[in-house]
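A.B. asks: Dropping the structure in here first, questions after.
The values are calculated or read from the model by the stated rules, or taken from the named source; none is laboratory data. Predicted, not measured: the structure shown is a model, and the values here were computed from it. Backbone-built Cβ (ideal geometry, glycine too); neighbour counts: all protein chains shown.
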Amino acid sequence: MTKHEDNNVAKRTLRTAEDLLHFGLIEVEASAEVERIASQYAVAITPALASTISGQNTDPDGAVARQYVPAAAELETTAHERNDPIGDATHSPLPGIVHRYSDRCLLMPVQNCAVYCRFCFRREQVGPNTKALSADQLEAALDYIRQTPAIWEVILSGGDPLVMPPAKIARIIEALAAIEHVRVLRLHTRVPAVAPERINDDLIAALRLLTPTYVAVHINHVDELTSGVRLGLERLADAGIPLLAQTVLLRGINDDARVLERLFRALVENRIRPYYLHIADKARGTSHFRTSLETGQALTRDLRGRVSGLCQPTIVLDIPGGHGKVPVGPSYVERCGDTWRVMDVHGRFHDYDDG
C-alpha cells in the first residue's frame with residue numbers, strides 16, 4: 001500500500017502524534033512537539049476530516065489542516081492570553097450553565113468534541129477525558145432554566161452537543177421544549193463539517209421537535225465544504241432546520257476578502273446564513289491565529305460592496321474577562337455639526353440631514 005493510499009483509510013479518530021505521523025499529517029521531526037501539545041490540549045481529527053486534509057495533499061499550511069493539526073506555536077503563550085478568555089466561569093451559576101445575557105443562556109451537557117480546533121477558546125476545559133453532566137447535574141441545570149423566566153433562548157454548546165447520541169439530544173430538547181418561556185433553541189456544532197455521517201434520520205428527528213431549533217455550524221473556509229459535508233447540510237436544510245454559520249477570523253487561513261467571499265457565497269448557496277464572524281479569542285497558545293481588529297474591520301468593509309447582504313455576518317469581539325460579545329465592524333457615519341457624513345461602499349462621503 002502506498003503512503004497516499006494509506007492516507008485515505010483512517011477508520012477511527014486520530015488523537016496522538018503516532019496517529020498523525022502514520023496518516024502523514026505531520027513529519028517525524030514534529031512528533032515530540034505534537035506529543036507535548038497533546039499533553040496540554042486535546043487533539044482529535046475524525047476520519048472524514050483526515051480524508052479531507054489528505055485530499056488537499058496534506059499541505060501543512062492548508063486552510064483545513066492548520067485548523068486541526070497541532071503546531072509548535074501552540075507552546076508559546078503571550079502575556080494577554082487567558083485560560084478562560086471570555087469569562088465563562090464568571091457567569092456560570094452551576095455546572096453546565098453559562099448565563100451571560102438575561103434572555104439566553106448556554107446549556108453545556110458535554111465538554112468533548114468530535115474534533116479539537118487549535119484556536120479553541122475553551123481548549124482548557126474540553127477534551128476526551130472530561131465528564132458529561134451527570135443525570136443530577138443535568139436536571140439541576142434544567143431546573144435553573146425552568147426557574148428563570150427571563151430565559152427566552154437556550155443555546156446547546158459545550159463541547160459539541162451533536163457528539164451525544166440522538167436519543168439523549170432528543171430527551172434534552174424535549175425537556176427544554178416543555179418549558180413555556182423557552183421559545184427558541186440553538187445548537188453550536190462542528191459535527192456537520194467534520195463528521196457528516198452523524199447527520200442521520202435519528203438526529204434529524206431529534207432536532208425537529210416543536211420548539212424552533214436553529215443549528216449554528218462552525219465553518220471557516222470553503223475547502224471544508226466537501227461533497228459529504230454539503231450532503232449532510234442539505235439533509236438538515238431539507239428537514240426544515242434553519243442553518244446559521246459561525247466563522248472565526250484566522251490569520252493565514254481566511255483573513256482575505258476573496259477567501260471570505262467564496263466561503264460566504266458557498267454557505268448561502270447551501271441555505272446557510274452567515275451569522276457571526278468572530279475575532280479570535282485570546283486563549284493560551286493561539287496568538288499565531290489572531291488578527292487585529294483593524295484587519296477585521298477592513299475585511300468587512302471590503303465585503304460590504306462586493307457581496308449580497310445575505311453573505312455578510314456581523315463581525316464580533318467577545319470582550320476578554322466576561323463582558324460579552326459586541327459588534328466591532330467599521331462605522332459608515334460621522335457627526336458633522338448639525339448633520340451627518342455617510343460613507344458609501346466606494347469610500348465616498350455624502351451629507352445626510354436626519355431632521
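A.B. asks: Residue by residue through the stretch 72-105, note down the ones that are surrounded by fewer than 13 Cβ atoms within 10 Å (Cβ to Cβ) and of a type in the set (Val, Ile, Thr).
C.D. replies: Hits for the stretch 72-105 are Thr78, Thr90.
A.B. asks: Looking at Ala132, Ala150, Ala141, can you tell me which residue is part of a helix (DSSP H, G or I), of a type in the set (Gly, Ala, Ser) and either out of contact with any Leu (no Cβ under 6 Å at 6 or more places or on another chain) or farther than 23 Å from Cys117 by Cβ (or both)?
C.D. replies: Numbers: Ala132 fails: part of a helix (DSSP H, G or I); Ala150 fails: part of a helix (DSSP H, G or I).
After ruling out the rest, the residue left standing is Ala141.
A.B. asks: Moving on. Identify the residue in the stretch 247-269 that is in contact with a strand residue (DSSP E or B) (Cβ under 8 Å, 6 or more places away or on another chain) and more than 15 Å from Thr300 (Cβ to Cβ) and, among all such residues, is surrounded by the most Cβ atoms within 10 Å (Cβ to Cβ).
C.D. replies: Step by step, filter the stretch 247-269, then rank; the result is Leu267.
A.B. asks: Considering (1) out of contact with any His (no Cβ under 7 Å at 6 or more places or on another chain); (2) within 22 Å of Arg230 (Cα to Cα), say which one Arg190 fails and leave the rest.
C.D. replies: Evaluating Arg190 over (1) out of contact with any His (no Cβ under 7 Å at 6 or more places or on another chain); (2) within 22 Å of Arg230 (Cα to Cα) leaves (1) as the failure.
A.B. asks: Just the residues that are of a type outside the set (Val, Ile, Thr) and buried (at least 21 other Cβ atoms within 10 Å of the Cβ), please, taken from the stretch 197-207.
C.D. replies: Leu203, Ala206, Leu207
A.B. asks: Next up: Just to confirm my filter: which strands (runs of 3 or more DSSP E) fall fully inside the stretch 256-355 and include at least 2 residues that are in contact with a Gly (Cβ under 6 Å, 6 or more places away or on another chain)?
C.D. replies: Values: elements: 272-279, 314-319, 324-327, 333-336, 339-343, 349-352.
Strands (runs of 3 or more DSSP E) meeting the threshold: none at all.
A.B. asks: Could you tell me whether Ala50 is over 17 Å from Thr286 (Cβ atoms) and either in a loop (DSSP other than H, G, I, E, B) or of a type outside the set (Lys, Arg) (or both)?
C.D. replies: Values: over 17 Å from Thr286 (Cβ atoms): yes; either in a loop (DSSP other than H, G, I, E, B) or of a type outside the set (Lys, Arg) (or both): yes.
Yes; evaluated as a whole, the condition is true for this residue.
A.B. asks: If you go through the stretch 332-354 one residue at a time, do you hit one that is modelled with pLDDT under 95 and among the small types (Gly, Ala, Ser)?
C.D. replies: Among the residues of the stretch 332-354, at least one is modelled with pLDDT under 95 and among the small types (Gly, Ala, Ser), which makes the answer yes.
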